[in-house]
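Accompanying notes for the structure given below.
The values are calculated or read from the model by the stated rules, or taken from the named source; none is laboratory data. Model, not experiment: these values are computed from the prediction. Every residue, glycine among them, receives a Cβ derived from its backbone with ideal geometry; neighbour counts consider all protein chains shown. These area figures cover heavy atoms from the full protein model, side chains too; ligands, DNA and RNA do not enter into them. Shrake-Rupley method; radii C 1.70, N 1.55, O 1.52, S 1.80 Å.
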Amino acid sequence: MFRRIGIRQFSSTSQMLQQKTLKIGLIPGDGIGREVIPAGKKVLENLPENLGLKFDFVNLDAGFELFQKTGVALPDKTVEVLKNECDGALFGAVSSPTTKVAGYSSPIVALRKKMGLYANVRPVKTVAGAAKPTDMVIVRENTEDLYVKEERVYEDNQGKKVAEAIKRITETASARIGRMAFQIAAQRQAARELDPTSSIHKTPLVTITHKSNVLSASDGLFRESVRAAFDEAKWPGVKINEQIVDSMVYRMFREPEIFDVVVAPNLYGDILSDGAAALVGSLGVVPSANVGDEFVIGEPCHGSAPDIEGKGIANPIATIRSTALMLDFMGYTEPALLINKAVDANLAEGKVATPDLGGSSSTEDVVADVIRRF
């Protein structure tokens, strides 16, 4: 499990008992976000009392549907409340129009920038006995690359349209995400040493993913900056290798067991983490955390899924795992472990599952099954 330096950390439950009630911002967003975020809230509300944690919640607005109603996708008030009142937050999903909508930009992308959440951390892990054992964490740079959304369309000399997009890679952001990846690799190894059965890996390995054989300036800078950020004295035992992104996709599906921590620029990290979800059965079970030095937002990797909205069958596992990931980055490791063990038990048993995993259970059924395992 991961604990970020700069976010409160605790070495024992007794210390946790002394802490104030945590205030968590809830941002359902669009579509099934309004169904899975209440699942995360319910899990937090039902944690055992002996953990000493209590929660207050504040409902906050953001999303494409909000934009359609008000002309604003991310209200200033949402950002202000998160910054000034909340200890952490959960974000549900956002609908993304496939064609340009004047005045609209993704609220989650804007939120990451405004809150300084420079890393998107996505664990992908199979349950015991899986045909293709997988236990990797994809660490995605969250602030730049093509996601700076600086595009233009113009006409060439023959009057034909040309579209261009800026791919921005900086030494600062690349080194920062590299340090995050190395820290996560070291912390995962510390957890393995405490419980050797907790992982399929024996040694910590960070794989730098890029396309510097073609994009020698931008991806070359990413590769060089991540390597330069490594400090063997700070992260002893951590090893580094590299993988060109196209062969990374191939090897990820052929032999996922070889990857431990993968660090990538924004676009590649987005694609790889969504693709990796196929290794564990569904995007509905893959969590993520948007992490900065002072704040964390848990966010399931799936989208707003309008095709199943309102049917009560959205898989809440990704949100529940994201809730655990949020707590862990905040330093509350014990409740995070409890939540993850309950989820693992639910998935391993396989009797209470939503349709995306081949079951017939409802969202509420899965939430109840996880909670009963606390």
Q | Meets criteria (among the acidic types (Asp, Glu), surrounded by 12 or more Cβ atoms within 10 Å (Cβ to Cβ) and under 28 Å from Arg321 (Cα atoms)) for Asp145 | A | yes
Q | Residues (small (Gly, Ala, Ser) and within 27 Å of Pro133 (Cα to Cα)) located in the range 180-238 | A | Ala181, Ala185, Ala186, Ala190, Ala191, Ser198, Ser199, Gly237
Q: Confirm whether Ala102 is closer than 21 Å to Phe329 by Cβ and not aromatic (Phe, Trp, Tyr).
A: no
Q: Return yes when Lys132 is farther than 17 Å from Val206 by Cα and in contact with a helix residue (DSSP H, G or I) (Cβ under 9 Å, 6 or more places away or on another chain) and no when it is not.
A: yes
Q. What tally of residues in the range 143-153 results from selecting those that are in a helix (DSSP H, G or I) and aliphatic (A, V, I, L, M)?
A. 2
Q) Restricting attention to the range 100-117, which residues are within 17 Å of Glu141 (Cα to Cα) and out of contact with any Gly (no Cβ under 8 Å at 6 or more places or on another chain)? A) Ser106, Val109, Ala110, Leu111, Arg112, Lys113, Lys114
Q.
Restricting to the range 104-138, count the residues that are among the charged types (D, E, K, R) and either under 22 Å from Glu255 (Cβ atoms) or free of Cβ contacts under 8 Å to residues at least 24 places away in the same chain (or both).
A. 4
**Q.** Extreme residue, farthest from Ser105 (Cα to Cα), among residues of the range 130-175 that are basic (Lys, Arg) and touching an Asp or Glu at 6+ places or on another chain (Cβ under 8 Å)
**A.** Lys132
**Q.** Sole exception among (1) touching a residue at least 40 places away in the same chain (Cβ under 8 Å); (2) closer than 23 Å to Met136 by Cβ for Leu194, by number
**A.** (1)
Q: Answer with yes or no whether Glu141 is under 26 Å from Val249 (Cα atoms), under 16 Å from the mean Cα position of the chain (by Cα) and not hydroxyl-bearing (Ser, Thr, Tyr).
A: yes
Q: Quick one: count up the residues across the range 1-22 that are open to solvent by 60 Å² or more (accessible area, probe 1.4 Å) and modelled with pLDDT of 95 or more.
A: 0
**Q.** Matching residues in the range 74-100 - criterion: being farther than 17 Å from Ile37 by Cβ and either in contact (Cβ under 8 Å) with a residue 24 or more places away in the chain or touching a helix residue (DSSP H, G or I) at 6+ places or on another chain (Cβ under 6 Å) (or both)
**A.** Val79, Lys83, Glu85, Ser96, Pro97
Q) Given the conditions (1) closer than 22 Å to Asn290 by Cα; (2) more than 21 Å from the chain's Cα centre (by Cα), and given that Gly92 satisfies all but one, which numbered condition is not satisfied? A) (2)
(Q) Give me the strands (runs of 3 or more DSSP E) completely within the range 154-269, filtered to those with at least 1 residues that are surrounded by fewer than 14 Cβ atoms within 10 Å (Cβ to Cβ) and of a type outside the set (Lys, Arg), ordered by residue number. (A) 161-165, 239-244
Q: Tally the residues that are within 15 Å of Ala191 (Cα to Cα), among the basic types (Lys, Arg) and either free of Cβ contacts under 8 Å to residues at least 24 places away in the same chain or open to solvent by less than 30 Å² (accessible area, probe 1.4 Å) (or both), restricting the search to the range 328-351.
A: 0
